[in-house]
Every structure is written in structure tokens, then in C-alpha cells.
Amino acid sequence: MEMDSLPNGNNTAGTPISATATATANPAPPQSSNLPQLTESLKLEHQFLRVPFEHYKKTLRANHRAVEKEMSAVISGVTEAAAADLSPDDAVNHLNSLVCRLQGLKRKLEEGSRAEHLQAQKCRVRLDHLESADAENMSEWNNTRMKRILVDYMLRMSYYDTAVKLAKSSNLQDLVDIDVFQEAKKVIDALQNKDVAPALAWCADNKSRLKKSKSKMEFQLRLQEFIELVRAENNLRAITYARKYLAPWGATHMKELQRVIATLAFKRDTECSTYKVLFEAKQWDYLVDQFKQEFCKLYGMTLEPLLNIYLQAGLSALKTPYCYEDDCTKEDPLSQEAFRTLAMPLPYSKQHHSKLVCYITKELMDTENPPQVLPNGYVYSTKALEEMAKKNNGRIICPRTGLVCSYTELVKAYIS
Amino acid sequence: MELSTIKDAFDRVTKKQKLSCSKTQEAIDQIRQEIESVLDTLQSANNTDHELDYKTVLNELKASFLLIAPLSQMEGTQKELNVALTKYGKLLEKHFNPDISKAYRNIDIDRHTLNQIIANHFYHQGLFEIGDHFMSVVGEPESAAIMKFPFVEMYQILEAMQNQNLEPALNWASTNGDKLAQSGSDIVLKLHSMQFVKVLQNGSREEALHYARMHLSPFATSHMTDIQKLMGCLLWTGKLDRSPYHALLSPSNWDKLAEELKRQFCNLLGQSYNSPLSVTVAAGVQVLPPLLKFMNVMAGKKNEWQSMNQLPVPVELDREFQFHSIFVCPVSKEQATEDNPPMLMSCGHVLCKQSILKMSKNSTKVFKCPYCPFDIDAAQCKQLYF
Ligand SMILES: [Zn+2]
Ligand SMILES: [Zn+2]
């Protein structure tokens, strides 16, 4: 924003200087078009497109693997039959069973391709949704974005039912990832019941990708299972278990492995703090957190809920030293205690251009509505002061100090 | 943004998926046909008592599978599909910001505070059922009632207005008439005007006149032109849509009136008109892009970011997020503070105190205003309060 730099009356020569000075310093973006801003904000929607895409890919991969497996089985079924000495009847029966299998496979393929189609549809709906954002009319779209962000938060916090309710009532099912989180829910619920089986199954399902990201999720689950065997004083089984499932991790995680194996010597009621923590219930919470992180990574989600990310950035953008004063306007979120609390550890905003807001009308003071100074240095917009003068016979009363003066005593301020 | 490129890439993925699927089906069918034709041969041999070497037939079948090579047939299309998938994934990474948490400061957000904010947002938006559900899930159903209470009446009024029923709104306005007048709102007049037009539209001139005398006359002096216009409508009873006043019938008037009512209602409640959560998130959407760009540039200095007292990059916020006056000294480019306040010079230009001290060599000499040829005496400068 730039204001008229023409000084009070007697000097016109100053204008061109200040005009060029501000123009070269920092050209303000044109106010008329929000398009670049919209484009920038759409670039933040990576997760929105990535999650259904990863889901789609996963289904494709799984379906393909299943088909390959079944086909190989049928082919080797023929090879085996050719090698074996079958009676004519057995050979016919065998071939008939293979035909049945192929029919079953075809049905499965059709089912699978229907599921793939639905997920592809979801990917496309999201692309369309991004495309539907219209710079001139964003309120509806922004409203939906807020809801999407809230559903994401609730899903991550395991408030599934509320998330589903909100998504349904606003018809957002295709724009949020409830189905993906259902998969996580099963694993998390089980972990909270001290059951690692679904988590291990999940690790097996995603083995190659977890390996690529050097995840040690499975190792941690195995360690926990081992600890549970020690807790139950099932030492022989614990040792067998360790040989089978922990030893393979020895090459990369020797230290942790040794520490856990050592619990065999200490048992569950150990007072030694190094080992005591391993038996604590919060280890299970830790596993839940660990799983959530792995899960988010795998689907290309941010590790933090979207809400936290946007909220933090927004609080910083809005945070000014004036926000913590009593006269912070109630339209400012930071006038509220809850928002102030969250903003406390965050940095203040930074702006490049002066932006003056009239204390009385809350309107921007610019060339159209320039700021005027009272004799005590308090500044208000021309509009507000004119209005006040009209109502009070030319008298001006400073709303913050009570000072009374005449409209003629005001001077204009020129802000560049 | 190149959304069309991205969409094209995705269309390619689905095309390849369909191709791969039909190829697989073909392969399955082919194998099945081979087996079935062998079965036919075996069966017809059975019927004719013709001697047949089963082993040879099965080995021939095995050989034909080797020839058909169904798995490698599928592999080709599968590979093409994989290429398309990889390409689409890369496009997403290129055109979007793959990690928007790069500018996130790792601090614990108080969950209770955040949940209160979220619940308040639901009530503020009139999503009462969701709000109640949320509060019971997070285990704070007690505070729900207090939080939603003020908004319940507002949404009842707004809902009635959607059905063009002004009764609840008028009741509210008459109960709060004094407070509304005090805050300078003319919503009462606006509601009565709307009701008057409604009465008039339904045809009865007498009724409308009666309504005007009852409810509009108190505004006769303060809002003379508005009232005159409304009375003019009386001449067009039954054909208001063809009158000079047809704009009064526009359905958008109802939306405007509802918005104004919400504004005044929130104002009396001491609540903000917009949900503070929505406002903050919208502001976050605006600052994240420059912030993320900055984080990419100074990737190595992540620790510095964790302790910064002010954002490292200036943000350009829309008018709707500007709640306080910000003065940036045009000379030093620094934001004014209590210790370095804005000062009005005798020419009318404004600089920060430290810039003035610098240019005046600590108030020892007169200097020229950088924006006009005026000579400035530091002692004559006046501190401003925006
Ligand atoms: Zn504030
Ligand atoms: Zn000057």
C-alpha cells in the first residue's frame, strides 16, 4: 500500500521523489487479482492428491500380485500334472479344477478392477476440486478446505466417528481420507490392546517400502513382543522368539537388541532404570506414535496434522505486539485467550509496508481515506473524523485520551 | 498451475491400468481356452474309446503355456502402467509442495486449548450436532452447553430468515433495540423494511400501510429517503416487480440482511463475525508459501528458525487480516516499536524515531526530509499513535 506523499500545502516538488522511491523499493502486488495467491495456496495441497494416489497404487500392486500368483499356480499345476502319473479321470478332474480356478481369478480380477476404478475416481475428483477453485469466489471453497483440515485432524487424533459425521454431513467423503485411516485404526486399536499382530501384518504388507525408508517399525514390534514373553517369564519361548525374529536385526541394531535381550537376566520387576522403562506401559503408546508416523510417511502425509501446520503459520502471521493489549479488536483471533496461548511460543509477524487501520472505523487509511493527526499525536482516518465533526459541530474528541479539539486543528500525515 | 498437465498424466495412468487389466483378462482367457480344448480332446477320446496318451497331451499343454508366456505378456503392460504411475507421482512432487511442515516449529500444542477452539468453531458455524459429538468424544461435554448457547438463537433466527420468516429476527431486534441503537446499527429499520415489502407483496395495501405506521414511522426523520422510497412502493401494490422499486424484491436482499443480522448478533455477543479458527487458518494459507520458500533457501539453518522472535520473511496479508496498524519506516525499513515509534515531521511525512535521530546527528542539526525539500528540526517532530 502506498499513500499520497504530497506534503501539507506549500511544497509540491516532493511528490515525484517519494513516488519513485517507493515504486522501486518494493512493487506491491496488484490488489485486483488474487490469482497468483490462489496458485500458491493450491501448491500446499500435495497431501490432498498424494494420499488417494498412494492408496490407488497400493491396490493396483496388491491386485497385480494376486493375479500373478494365481496364474503361476495354474501353470505349475499343469506342469505337475504332466510329470505325475495320473489316471485319465484324475487328469480330467485336475484340469477341470484349474479351469474353475481361472474362472475364480477372473471374477476376482473384475472385483479388483472395480475397486481400482473407484480409487482412480477419487484421485480425479480431487484434481477437479482443485481446478474448481475460483479466485473471484473462494468463500465456499475455503469453507470446504477448513472442513477438510478439521477431518484430517480428527482422523489423526482418532476421533473417527466425529470425522465421519462431519464428512458425511458436508458431503466431503471423496475429499477426505477416512478409508485410508480405517486401515490405521485397526492397527492402532490393536496396539492399544497390547496386540501386535495387525501391526506386524501391516509391516509385512508394506515390506519393500518400509525397507526402502529404513524403517525399524517391525523390529520395535518384535522387541515389544519379546518383552511381553519375558514379562510372562516365558523364558524359553522368549529365547526361541529372539533367535527367530530379533537376530536378523542384529547386523543393524545390535545395541538395542542387546539391551532388550538383557532383560532376560533382570525380569519384569527390575529396579534398574535402563531396563525398567522397557516394561512400562507407555512403551505401547510409543509404538502407537511410531506407527502413526510410519503410516503418514507411507501415504505421503505430513507428520503433523494439517491443522497444526496452518494454525501455527497463521498465528505467526497475525501476531503483533499490539495483540496482547486490551483494545485488540474482537475480529482478531489473537484477542482471544485460547489463541494467545497457542501463539505464545511463536514468532511475531513481519511486514514490509505500512498498513494503517483506523482505530475508530477499523478501515484501512490510504489515499482515499488518509490519516489525520490530532494535537496529541493520535491518528484517525479522515472518514471517522469528518463524521465525528459533523455530529459534534466541528468538535473532535479523541476516543482514547478524551482530548477535545477542533477539526481545524488536525494535520494530515503522509505515509510512504 | 499446470493442473491440465497433471490431469493428463493421470488420464494416462488410468488408460494404462485399463490396458493392463484387459491384457490380464486376455491371458487368463487364453490359458483357459487351451485347457478347455485339451479337456475336449480328452473327453472325445473317452467317448470313442480311442487310445490316447494323456501324458503327451498334458506335455503339449505345458509347451503351449511356455509359448503363450502369459506372465510375460502381462508384464509388458504392467511396465507401461508403472512408468505412467511414476511419472504422475513425480509431477505431483514437482508442482506441489511435498512437505508443508518444513516451516513447522516443533512445539507442543496444548490439546485441550485446541479442542476448545475447534468446538467453538463448530458452534460458530452452526454445526451444533458435530460440535456436541466432538465435545463428548474429547471428554468435555460439560463446557459444550455454555459454548454453544449464544449461537443457538442466532441460527434459529437465520434459519427462519431462510424461509423468509422474519418473526424471530424482529423479536430479537425489539428486545435488543437499545443496545443496537447504541452501537449505531440500523438493522431494526432494515428488518422492518423487509417485512413491509413482504406484506406489500402479499397484496394488501391497508395492511402494509398499517405496518408502516406502526414500525417505520419512528425512523421517518432519521432515515427520510429510505422511508420515502418504501412509501412510494404503496403505489405499486401487486405489481412491485414492474415498478421502479423492483430492486427491493431481489432475493439477494435476504442474504445481505442475514449477513448483517449475523454481524450485529455476534457484535452484541462480543463474538467475532468470522470464526477465529477460519481466519487464522486462512492467514496461514497466505503466509505458508513465502515461509516455505524461505525455509528451502536456508535449509541448513533450521535451528535458527526454532528460536526466531519474528518471521524471517515479510508477509503480504490481505486487508481482512489486518487488525492493527503497522508502520514501517520508509528509511530504515524497520517496523515501529514502542522504543522506536513513528514520528510526524513538520512537513507531514512520517519516519521512525531512530531514523530521525540518525539524520539529525542526535538532534544536533537540521536535516532535509528524504521525501520533500523541507528542512526538519528533530525537536519539532511529534510522536504518533495509530
Ligand atoms: Zn491483534
Ligand atoms: Zn517531507
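The values are calculated or read from the model by the stated rules, or taken from the named source; none is laboratory data. Quick caveat: nothing in here was measured; it's all calculated off a predicted structure. Because the Cβ atoms are built from the backbone with ideal geometry, glycine has one as well, and the counts that use them run over all protein chains shown. Areas reflect the complete protein model, heavy atoms only, side chains present, ligands, DNA and RNA absent. Shrake-Rupley method; radii C 1.70, N 1.55, O 1.52, S 1.80 Å.
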What ranking, highest mean first, results for peptides B:158-170, A:214-226, A:269-281 when packing means the other Cβ atoms within 10 Å averaged over each residue? A:214-226, B:158-170, A:269-281
On each of the three principal axes of the Cα atoms of the protein assembly as shown, give max minus min coordinate, whole Å, ordered largest first. 123, 76, 58
Which FRET efficiency value, to the nearest 0.05, is calculated for A:Thr361 and B:Ser136 with the Förster distance at 35 angstrom and r the Cβ-Cβ distance? 0.25
Taking the Cβ-Cβ separation of B:Leu234 and A:Asp327 as r and a Förster radius of 45 Å, what is the calculated FRET efficiency to the nearest 0.05? 0.45
19 Å Cα-Cα threshold exceeded, pairs from A:Lys69/A:Lys122; A:Lys108/A:Lys211; A:Lys108/A:Lys186; A:Lys106/B:Lys18; A:Lys350/A:Lys383; A:Lys147/A:Lys362: A:Lys69/A:Lys122; A:Lys108/A:Lys211; A:Lys108/A:Lys186; A:Lys350/A:Lys383; A:Lys147/A:Lys362
Mind checking the per residue accessible area of chain A for me, 1.4 Å probe, whole number of Å²? 48 Å²
Where the centroid of each part is defined by its Cα atoms, how far is the stretch A:64-109 from the stretch B:268-320 in Å? 62 Å
DSSP-assigned coil residues among GluC sites (Glu not before Pro) in the stretch A:290-354, each with at most 10 further Cβ atoms within 10 Å: A:Glu325
FRET efficiency for B:Asp339 and B:Ala379 from the Cβ-Cβ distance with R0 = 25 Å, rounded to 0.05, comes out at 0.85
Derived scalar couplings ³J(HN,Hα) [the stretch B:310-318; Karplus, 6.51 cos²θ - 1.76 cosθ + 1.60; whole Hz; x for Gly, Pro]: 9, 3, x, 10, x, 10, 9, 9, 5
Would you mind checking the tilt of helix A:139-156 against the longest principal axis of the Cα atoms of chain A, expressed as 0 to 90 degrees and rounded to 10? 40 degrees
Let me know the mean shielding of B:134-145 by other chains, meaning the per-residue number of their Cβ atoms within 10 Å of its Cβ. 2
Would you mind computing, in nm to one decimal, how far apart the modelled labels at A:Val411 and B:Lys94 are, each placed 7 Å from Cα along Cα→Cβ? 5.9 nm
In percent, what relative contact order does chain A have, based on Cα pairs under 8 Å that are 6 or more apart in sequence? 17 percent
Given a 1.4 angstrom probe, what's the average accessible area per residue across the stretch B:114-269, in square angstrom? 53 Å²
Would you mind calculating the relative contact order of chain B from Cα pairs under 8 angstrom and at least 6 residues apart, reporting the percent as a whole number? 10 percent
If you take each beta carbon of peptide B:97-107 and count the beta carbons of other chains within 10 angstrom, what is the mean? 6
Report the gain in length on full extension from A:Arg400 to A:Asn193: 0.36 nm times residue separation, minus Cα-Cα distance, nm rounded to one decimal. 68.5 nm
Picking from B:Gln78, B:Gln264, B:Gln33, which is most flexible by a Gaussian network model of chain B using Cα springs under 10 Å? B:Gln33
Nearest 10 degrees is fine. How inclined is helix A:14-25 to the longest principal axis of chain A, computing both from alpha carbons? 10 degrees
Carbon/sulfur fraction of accessible area - the protein assembly as shown, other protein chains in place, 1.4 Å, %: 51 percent
Explain nothing, just the number: dipole magnitude of chain A about its Cα centre with +1 on each Lys and Arg Cβ and -1 on each Asp and Glu Cβ, in debye rounded to the nearest 20. 1140 debye
In terms of Cα to Cα distance under 20 Å, which lysines are near enough to B:Lys198, apart from those fewer than 8 places away along the same chain? B:Lys190, B:Lys229, B:Lys239, B:Lys256
Here the stretch A:304-321 yields Karplus 3J(HN,Hα) values (6.51, -1.76, 1.60; θ = phi - 60°; whole Hz; Gly and Pro given as x) of 8, x, 4, 4, 4, 5, 5, 5, 4, 4, x, 4, 5, 5, 8, 6, 10, x
Helix B:111-124 against the longest principal axis of chain B: what's the angle in degrees, Cα atoms only, rounded to the nearest 10? 80 degrees
Counting other Cβ atoms within 10 Å, which trypsin sites (Lys or Arg not before Pro) in the stretch B:329-386 have at most 12 and lie in a DSSP loop? B:Lys361, B:Lys365
Partner shielding of A:111-123, as the mean number of partner chain Cβ atoms within 10 Å, equals 2
Starting with the highest mean, order A:366-372, B:238-244 by the number of other Cβ atoms within 10 Å, averaged over the residues of each peptide. A:366-372, B:238-244
Buried accessible surface, A vs B, both sides, probe 1.4 Å, in Å² to 100, equals 12300 Å²
